Amino acid sequence: MNWIRLALASLWNRRTTALLTLGMVALSLSLLLTVDRVREDTRASFSNTLSGTDLIVGGRTGSLNLLLYSVFRIGNATNNISWESYADLRRNSAVDWTVPLSLGDSHRGYRVIGTTTDYFDHYQYGRNQSLSFQSGQPFDDVYDVVLGAEVAEVLDYQLGDELVVAHGLGTTSFENHDDKPFTVVGILEATGTPVDRSVHVPLEGITAMHVDWQQGVKLPGFEISADEAREMDLTPESVTAVLVGMKSRVQTFSFQRLINQYRAEPLSAIIPGATLQELWQLIGIAENALIAVSFMVVVTGLLGMVTVILAGLNERRREMAILRALGARPGHILGLLMLESGLYGVAGLLAGLLLHWGVIALASIWVQGTYGIQLTLALPSPTLLLVLAGFVGLAFLVGLLPGWKAYRQSLSDGLTATT
Amino acid sequence: MADALSIESLAYRWPGQQHNTLTIDRLRLPAGSSLFVRGPSGSGKSTLLNLLAGVLVPTQGRIQVLDQPLSEQSGKVRDRFRADNIGYIFQQFNLLPYLSVIDNVMLPCRLSRRRHDKALSEASSLTDAAADRLTRLNIPEALWHQRVSALSVGQQQRVAAARALMGLPELVIADEPTSALDQDNVDNFMDVLTGQCQALGSALVFVSHDRHLARWFDQELELAPESRTQSGATS
């Protein structure tokens with residue numbers, strides 16, 4: 001009946017306290033919601049980055065490390081694969097295709113990938129989606145470059161523009177390969193993966209840039225122009241990693257063993273999905289800690305809310321006595337306080353959801369740009385929805401505490417409360 | 001018609017106390033008439049009011065309000081009965097600060113279906129019924145939609161009386177409602193309260209320590225400080 005209206009009017013009368021309390025509940029819930037959303041989206045983003053690749057081969061290194069630098073552009077390679085070894089594994093009859101990757105240079109903070117046109121044919125992300133071109137085409141010439149969608153958009157490059165690659169991976173580099181500029185011939189469609197933030201050049205381009213370099217520094221007085229370099233043998237000495245597709249998935253394990261026991265040089269081969277699982281196990285610990293902290297914050301919010309209601313009871317003795325005089329039963333008084341507590345829960349949940357969506361909407365721009373993770377505006381996961389339903393139930397339930405106190409108070413005060 | 005009130009060999013003792021707080025041998029108040037209950041503090045006035053309103057039950061004896069033997073009924077029935085049949089006026093702070101004046105007056109009809117229906121039998125809407133009560137108690141219309149805090153203490157007490165009379169309760173109980181008022185306001189308040197209770201046919205039980213107020217009432221009951229009270233019904 002009118003108890004909801006009364007509870008709302010009473011809350012409105014105490015709106016400063018009520019709004020602050022609501023803010024506390026909403027903030028605690030939005031923390032939980034946001035942590036869970038970031039967790040889900042991070043996983044989705046990592047899982048969507050690479051598909052269709054059966055093995056990743058690199059110099060001998062940790063499997064996580066290999067996965068991170070070859071696919072996610074995080075960290076650096078410690079060892080390379082010699083061109084001979086690469087040629088050898090490419091010749092293996094079990095191998096369907098290979099995509100060599102050569103890393104180590106950058107352009108204004110974006111990593112430069114030396115590769116072959118096979119990259120555009122075989123690299124797949126999400127649910128086996130292939131790369132496609134927004135404009136232009138794959139590189140053909142040594143000094144052609146294909147840009148990821150984000151690189152082109154943020155740095156405002158069009159087809160035909162020229163750019164210079166920097167040596168090393170920093171955002172600002174003092175050493176540029178400015179004698180050998182590259183021409184933009186293609187821009188890829190956005191994929192929501194690190195490809196968007198990559199600058200793709202032919203392997204020969206990487207070699208050409210470095211013909212007059214040795215040990216990571218430019219040889220003084222020994223300069224070879226772009227056109228002179230074009231005439232040289234630009235077969236690279238090594239590549240950083242190789243994406244491998246098998247003719248038959250069944251052969252993946254035996255081929256992986258073969259690579260791991262490769263005689264000529266120490267190599268590692270990993271299965272991307274399996275290594276991703278290792279990554280989740282590692283990250284899972286941190287995730288669980290974050291979720292646990294968020295839960296504690298939510299519980300703290302609930303406790304704070306009960307405290308606020310309890311603290312206000314004494315000055316509301318008059319209110320309770322008036323309601324009693326008008327025929328309210330002690331049970332009504334108890335119900336009224338449970339209702340108030342529950343209203344905080346429901347309103348806190350709604351406000352928390354709005355706050356969460358607001359935060360995600362704002363943060364997603366920055367997170368997308370910085371980490372390449374796409375945060376989504378969506379309803380919480382089914383599990384979390386259950387938790388939230390439980391929270392609302394709990395909010396009503398903890399109202400029993402102030403409700404019981406008010407019940408006792410109204411029984412002992414009767415109609416003669418004098419405060 | 002049943003008496004508004006009848007009491008027989010009533011005694012009330014707070015739990016853990018040695019002596020009775022209140023004893024009344026016999027008391028009868030005919031429907032529609034008024035009773036002045038006088039006594040110093042500690043004489044059990046508040047206890048009597050809580051008993052009449054059905055918030056407390058007597059340790060001994062019998063209370064019948066209208067046709068209901070309150071002393072024999074469950075708390076739930078007594079609370080329902082209070083909502084349906086009794087208008088209550090406190091010493092002060094009668095009104096919920098978060099409702100407007102007129103919403104405060106309509107409150108009894110929102111909490112009791114019986115009073116809701118009775119209010120609608122005499123007026124076309126609850127608002128009209130509340131307007132009638134406010135007019136009867138001389139509350140200027142300009143104040144009806146104000147916040148309670150905009151009213152003087154005297155006005156607040158008259159609004160409380162208007163609320164007590166909403167939906168034609170058979171019994172109005174007033175707990176020293178004039179103690180916070182100055183003399184002019186007391187006279188004014190007593191005039192309209194007793195006048196309107198009479199006009200609307202509600203019995204009135206009025207408690208005060210101020211003997212000068214007795215002249216407004218049909219009957220008088222004196223509670224002795226040590227609570228060995230005699231039936232003082234005079235008429």
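Residues checked against (1) crowded, with 17+ Cβ neighbours inside 10 Å; (2) touching a Gly at 6+ places or on another chain (Cβ under 8 Å); (3) not in a helix (DSSP H, G or I):
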| site | (1), (2), (3) |
| --- | --- |
| B:32 | yes, yes, yes |
| B:56 | yes, yes, yes |
| B:95 | yes, no, yes |
| B:98 | yes, no, yes |
| B:109 | yes, yes, no |
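Against the condition more than 14 Å from every other protein chain (Cβ to nearest Cβ), open to solvent by less than 70 Å² (accessible area, probe 1.4 Å) and modelled with pLDDT of 90 or more, how does residue A:367 come out, does it pass? Please lay out each step first, then the result.
On the way: more than 14 Å from every other protein chain (Cβ to nearest Cβ): yes; open to solvent by less than 70 Å² (accessible area, probe 1.4 Å): yes; modelled with pLDDT of 90 or more: no.
It is false that residue A:367 is more than 14 Å from every other protein chain (Cβ to nearest Cβ), open to solvent by less than 70 Å² (accessible area, probe 1.4 Å) and modelled with pLDDT of 90 or more.
Suppose we keep only residues that are in a helix (DSSP H, G or I) and polar (S, T, N, Q) within the range A:43-61. Which one would you say is farthest from residue A:123 (Cα to Cα)?
Filtering the range A:43-61 for residues in a helix (DSSP H, G or I) gives A:43-49.
If we keep only those that are polar (S, T, N, Q) too, we end up with A:45, A:47-49.
On the way: A:45: 16, A:47: 14, A:48: 12, A:49: 10 Å.
Within the range A:43-61, the match that is farthest from residue A:123 (Cα to Cα) is A:45.
Does the range A:76-89 hold any residues that are over 26 Å from the mean Cα position of the chain (by Cα) and closer than 25 Å to residue A:143 by Cα, and which are they? First the steps, then the outcome.
If we filter the range A:76-89 for residues that are over 26 Å from the mean Cα position of the chain (by Cα), which is where we start, we get A:79-89.
Selection gives A:80, A:81, A:82, A:83, A:84, A:86, A:87.
May I ask you to say which residue of B:87, B:75 is open to solvent by 10 Å² or more (accessible area, probe 1.4 Å), touching a Pro at 6+ places or on another chain (Cβ under 8 Å) and within 14 Å of chain A (Cβ to nearest Cβ)?
Details: B:87 fails: open to solvent by 10 Å² or more (accessible area, probe 1.4 Å).
Criteria check complete, one pass: B:75.
So which helices (runs of 4 or more DSSP H) are wholly in the range A:186-292 and hold at least 3 residues that are under 25 Å from residue A:111 (Cβ atoms)? Walk me through it before giving the result.
Numbers: elements: A:203-209, A:226-230, A:252-260.
Answer list for the range A:186-292: A:203-209, A:226-230.
Go through A:320, A:305 for me and flag whichever is within 13 Å of another protein chain (Cβ to nearest Cβ), part of a helix (DSSP H, G or I) and open to solvent by less than 30 Å² (accessible area, probe 1.4 Å). Give the steps one after another, and end with the answer.
Numbers: A:305 fails: within 13 Å of another protein chain (Cβ to nearest Cβ).
After ruling out the rest, the residue left standing is A:320.
Out of the residues in the range B:58-67 that are more than 14 Å from chain A (Cβ to nearest Cβ) and free of Cβ contacts under 8 Å to residues at least 60 places away in the same chain, which is least open to solvent (accessible area, probe 1.4 Å)? First the steps, then the outcome.
Here is the first cut: in the range B:58-67, the residues more than 14 Å from chain A (Cβ to nearest Cβ) are B:59-64, B:66-67.
Then keep just the ones that are free of Cβ contacts under 8 Å to residues at least 60 places away in the same chain; that gives B:59-63.
Numbers: B:59: 80, B:60: 109, B:61: 43, B:62: 82, B:63: 2 Å².
Among those that are more than 14 Å from chain A (Cβ to nearest Cβ) and free of Cβ contacts under 8 Å to residues at least 60 places away in the same chain, it is B:63.
Taking the range B:111-154 on its own, how many of its residues are assigned to a helix (DSSP H, G or I), within 20 Å of residue B:197 (Cβ to Cβ) and either of a type in the set (Lys, Arg) or open to solvent by less than 40 Å² (accessible area, probe 1.4 Å) (or both)?
Of the residues in the range B:111-154, the ones assigned to a helix (DSSP H, G or I) are B:111, B:113-122, B:126-136, B:141-143, B:148-150, B:153-154.
With the extra rule that they be within 20 Å of residue B:197 (Cβ to Cβ), the set shrinks to B:114-115, B:118-119, B:121-122, B:129-136, B:154.
Those still in the list that are either of a type in the set (Lys, Arg) or open to solvent by less than 40 Å² (accessible area, probe 1.4 Å) (or both) too: B:114-115, B:118-119, B:129-131, B:133-134, B:136, B:154.
So the answer is 11.
Quick check, is residue A:336 within 14 Å of chain B (Cβ to nearest Cβ) and either open to solvent by 20 Å² or more (accessible area, probe 1.4 Å) or farther than 25 Å from residue A:33 by Cα (or both)? Can you show your working first?
Working: within 14 Å of chain B (Cβ to nearest Cβ): yes; either open to solvent by 20 Å² or more (accessible area, probe 1.4 Å) or farther than 25 Å from residue A:33 by Cα (or both): yes.
For residue A:336, the condition - within 14 Å of chain B (Cβ to nearest Cβ) and either open to solvent by 20 Å² or more (accessible area, probe 1.4 Å) or farther than 25 Å from residue A:33 by Cα (or both) - is met.
Suppose the filter is assigned by TED's automatic domain parsing to the domain that holds residue A:65, exposed (fewer than 14 other Cβ atoms within 10 Å of the Cβ) and closer than 30 Å to residue A:124 by Cα; does residue A:239 pass it?
Details: assigned by TED's automatic domain parsing to the domain that holds residue A:65: yes; exposed (fewer than 14 other Cβ atoms within 10 Å of the Cβ): no; closer than 30 Å to residue A:124 by Cα: yes.
Criteria not met by residue A:239.
Within the range B:30-40, does at least one residue satisfy the condition of being facing chain A (nearest Cβ under 9 Å) and at pLDDT below 85? Give the steps one after another, and end with the answer.
To start, the set of residues in the range B:30-40 that are facing chain A (nearest Cβ under 9 Å) comprises none.
Among the residues of the range B:30-40, not one is facing chain A (nearest Cβ under 9 Å) and at pLDDT below 85, which makes the answer no.
Of everything in the range A:145-169 that's assigned to a helix (DSSP H, G or I) and not aliphatic (A, V, I, L, M), which residue is surrounded by the most Cβ atoms within 10 Å (Cβ to Cβ)? If you could, list the steps in order and put the result at the bottom.
Taking the range A:145-169 and keeping what is assigned to a helix (DSSP H, G or I), we get A:149-154.
Narrowing further to those that are not aliphatic (A, V, I, L, M): A:150, A:153.
On the way: A:150: 21, A:153: 14.
Per the stated criteria, the residue is A:150.
Select from the range A:39-75 the residues that are among the aliphatic types (A, V, I, L, M), within 19 Å of residue A:282 (Cα to Cα) and crowded, with 20+ Cβ neighbours inside 10 Å and list them in ascending order.
Within the range A:39-75, the first condition is being among the aliphatic types (A, V, I, L, M), and the residues that meet it are A:44, A:50, A:55-57, A:64, A:66-68, A:71, A:74.
After this cut, where a residue has to be within 19 Å of residue A:282 (Cα to Cα) as well, the list is A:44, A:64, A:66-68, A:71, A:74.
Result: A:66, A:67, A:71.
The values are calculated or read from the model by the stated rules, or taken from the named source; none is laboratory data. If you're wondering where the values come from, they're calculated on a predicted model, not measured in any experiment. Glycine gets a Cβ as well: all are built from the backbone with ideal geometry, and neighbour counts include every protein chain shown. The area values use the complete protein model at the heavy-atom level, side chains included, leaving out ligands, DNA and RNA. Shrake-Rupley method; radii C 1.70, N 1.55, O 1.52, S 1.80 Å.
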